[in-house]
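Report on one structure; see the data block that follows.
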Amino acid sequence: MAEARTEPRRPLPEVTELTEPFWQAAGEGRLVMQRCRACGELVWCPRPSCVECGGEELEWDALSGRGTVYSFTVIRQLAGRGARAFEKDIPYVIAWVDLEEGPRFYTNIVQCPVDDVEIGMEVEVVFDPAGDGISLPKFKPR
Ligand SMILES: [Zn+2]
């Protein structure tokens, strides 16, 4: 008997009470991060307290959405059943982007041929609707 072949579904981030403001803003096209009210440092990923000073008063701050590529890799093949959901994207780029405000952000580089991506490339955030109301921050050349 033939097995029903369903379109593999990409995993989505789990939205928690802690991360909900981040995903809410992303859905509105804004990149935000927590900032410590005591020492002023940005806190990434979302946490209940500041990694620099332990302060527990964190507020969400809008970022410019601009950065530069720190490092990247091109995904050209996938292994394992769970990866099937990404087959259509091959080749694609996974990157670390250094945001203008400091934090290093794990993301994809999009709207750019994979062979044109370079370390130091200036990029800006775009939001990719991924389903279930989630928009994923990705980066394109600027
Ligand atoms: Zn702090």
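Values for this structure:
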item: Solvent-accessible area per residue, Å², over the chain with all protein chains present [probe radius 1.4 Å]; result: 63 Å²
item: Three-way shape call for the chain based on the alpha-carbon gyration tensor, with the a/c threshold at 1.5; result: oblate
item: Proximal charge balance of Val110 [Cβ under 10 Å; K/R count +1, D/E count -1]; result: 0
item: Computed [θ] at 222 nm, deg cm²/dmol, the chain (DSSP H ≥ 4; -39,500 (n - 2.57); rounded to nearest 500); result: -1500 deg cm²/dmol
item: Share of carbon and sulfur in the accessible heavy-atom surface of the chain [1.4 Å probe, %]; result: 46 percent
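The values are calculated or read from the model by the stated rules, or taken from the named source; none is laboratory data. Since this is a predicted model, take the numbers as computed values, not measurements. Here the Cβ is made from the backbone with ideal geometry for all residues, glycine too, and neighbour counts use every protein chain on show. With ligands, DNA and RNA removed, areas are computed over all heavy atoms of the protein, side chains included. Shrake-Rupley method; radii C 1.70, N 1.55, O 1.52, S 1.80 Å.
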